[in-house]
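Laboratory data are not the source of any read-out in this text; all were calculated from the coordinates shown. Since we're looking at a predicted model, the values are computed, not measured. FYI the Cβ positions are ideal-geometry reconstructions off the backbone, even for glycines, and counts take in every protein chain you see.
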Amino acid sequence: EIHLKKQAQEQYYQEILRQADIGILTVNPKGHILYANPRIERLLNYTPLNHIKQLKQVDEALYALFEDLQPFDSKIFQLANEREKTQLALKASAISVDGQALLLVMVQDIHKELDEKETDSWVRLIRVLTHEIMNTITPITSISESILKYFKTEKGSVPIKEFNESQIQNTVKGLEVIKGQGTDLMEFVQSYRSFLSLPKPDRSLVSAQNLLDKVKVLMDQENKKGTITFNVVADPVDLEFFIDEKQISQILVNLSKNAIQSLVKQENGQLNIFAGMTKNGKKYIEVRDNGPGIPPDLIDEIFVPFFTTKNTGTGIGLSLSKQIMHLHDGTIKVHSIPFIQTSFVLNF
């Protein structure tokens with residue numbers, strides 16, 4: 001009876017795996033595929049799957065990816081055929097079955113999710129662009145209409161002799177405001193241009209400690225009063241990153257400036273930058289402060305180009321940072337608990 005129950009339970013789990021909308025397979029150290037559910041065979045358009053070498057017939061690059069796949073790896077792969085392109089997300093985990101070490105790989109088609117994400121990003125970007133442009137153009141339109149009334153009525157142009165000193169002074173002031181708004185709009189467009197023309201990273205091996213020390217020297221100028229405790233730590237001390245030093249420094253300086261500005265009016269302000277490695281051997285840099293943080297309703301907006309909560313600035317710093325990390329095949333993540341800890345983590 002116990003045997004029958006176990007058998008029924010096993011059949012139940014097998015059916016769940018067969019019906020799952022996520023591709024699942026297990027691979028042993030020799031590359032033999034011990035289990036592959038129907039979903040992964042449909043995703044890869046190959047059946048039956050018995051060994052990862054079969055993936056060469058699907059895509060050479062996909063085979064190379066599976067051959068190098070390690071526990072805890074997460075990869076994105078675009079699989080193309082004559083009909084369509086599919087974006088696949090792969091996640092690997094280490095499992096042990098009957099004392100045998102196996103690699104469990106889950107594969108998901110994220111094309112729809114990416115499309116929705118892209119559409120959402122465009123909507124948010126257009127919303128911000130519209131807001132910024134309207135804020136600039138509205139005063140120009142209003143002031144232009146006011147000035148035009150000095151020079152033109154329903155009867156036609158107003159003779160110069162009818163102008164008084166007040167109207168002339170108001171016209172000059174209005175034109176100065178229009179010029180200022182036009183300059184702001186040009187700077188806004190220039191910042192957009194710099195965002196789109198970001199160069200490919202010029203990478204080299206860079207000492208983590210030297211990188212953080214340089215950032216600290218630069219940021220000490222922002223913290224001249226010394227009211228904020230600022231520390232940098234690299235562990236291990238000989239840690240190195242294969243990066244474009246100028247671009248990553250740009251990110252760290254931007255994040256540090258934001259932190260310092262948020263801590264200016266706060267007692268016991270603390271800013272720390274850590275460089276290290278995770279248990280899985282992944283390198284990271286974390287910028288952490290104990291400032292007011294980011295409200296939950298804004299945390300999903302901060303990486304949208306030109307979105308800003310400040311009275312000054314273009315709102316391009318964080319979106320530019322995200323773009324730089326993307327060019328480095330990395331990510332930037334944020335976590336914020338107001339007045340306790342706000343951290344930005346660069347994962348390489």
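Please label the shape of the range 20-95 as rounded, prolate or oblate, based on the square roots a ≥ b ≥ c of the eigenvalues of the alpha-carbon gyration tensor (a/c under 1.5 means rounded; beyond that, a/b larger than b/c means prolate, else oblate). Rounded, because the longest to shortest axis ratio a/c is under 1.5. Taking θ as phi - 60° and the Karplus parameters 6.51, -1.76 and 1.60, the scalar couplings of the range 213-218 work out to 5, 5, 4, 5, 4, 5 Hz in sequence order, x denoting glycine and proline. Sorted ascending by nearby beta carbons within 10 Å, beginning with the fewest, Lys265, Lys225 become Lys225, Lys265. Each peptide in 243-250, 153-160 was scored by the mean count of other Cβ atoms within 10 Å over its residues; highest first, the order is 243-250, 153-160. Here the peptides 336-346, 293-303 are ranked by packing, the mean other Cβ count within 10 Å, and the order with the highest first is 336-346, 293-303.
For Gly269, the amide hydrogen comes within under 5 Å of the amide hydrogens of Thr229, counting only partners 5 or more places away or on other chains and with H modelled in the peptide plane.
In order along the range 173-188, phi translates into HN-Hα couplings of 4, x, 5, 5, 5, 4, 4, x, 5, x, 5, 4, 5, 5, 5, 4 Hz, rounded to whole numbers, per the Karplus curve 6.51 cos²θ - 1.76 cosθ + 1.60 with θ = phi - 60° and x for Gly and Pro. Residues Phe163, Phe241 in ascending order of nearby Cβ atoms (within 10 Å, fewest first): Phe163, Phe241.
For the range 195-286, the square roots of the Cα gyration tensor eigenvalues, ordered a ≥ b ≥ c, give a/c of at least 1.5 with a/b no greater than b/c, which places it in the oblate category. Packing, as the average of other Cβ atoms within 10 Å across residues, places the peptides 87-95, 134-142 in the order 87-95, 134-142, highest first.
Hey, quick one: spin label on Phe151, modelled 7 Å out along Cα-Cβ, who in the range 160-183 has an amide N within reach, i.e. under 15 Å? Only 160-164, 167-179 pass the distance filter. Amide H contacts under 5 Å for Asp73: Ala92, restricted to partners 5 or more places along the chain or on a different chain, H placed in the peptide plane at 1.01 Å from N.
Calculated FRET efficiency, Lys282 to Gln11, Cβ-Cβ distance, R0 = 41 Å: about 0.60 to the nearest 0.05. The phi-based Karplus calculation (6.51 cos²θ - 1.76 cosθ + 1.60; θ = phi - 60°) puts the 3J(HN,Hα) values of the range 336-343 at 9, 10, x, 6, 10, 7, 10, 10 Hz, whole numbers, x for Gly and Pro.
Between the alpha-carbon centres of the range 315-338 and the range 205-230 there is a gap of 19 Å. Length gained on full extension, Asp184 to Ile133, computed as 0.36 nm times the residue gap minus the Cα-Cα distance: 17.4 nm.
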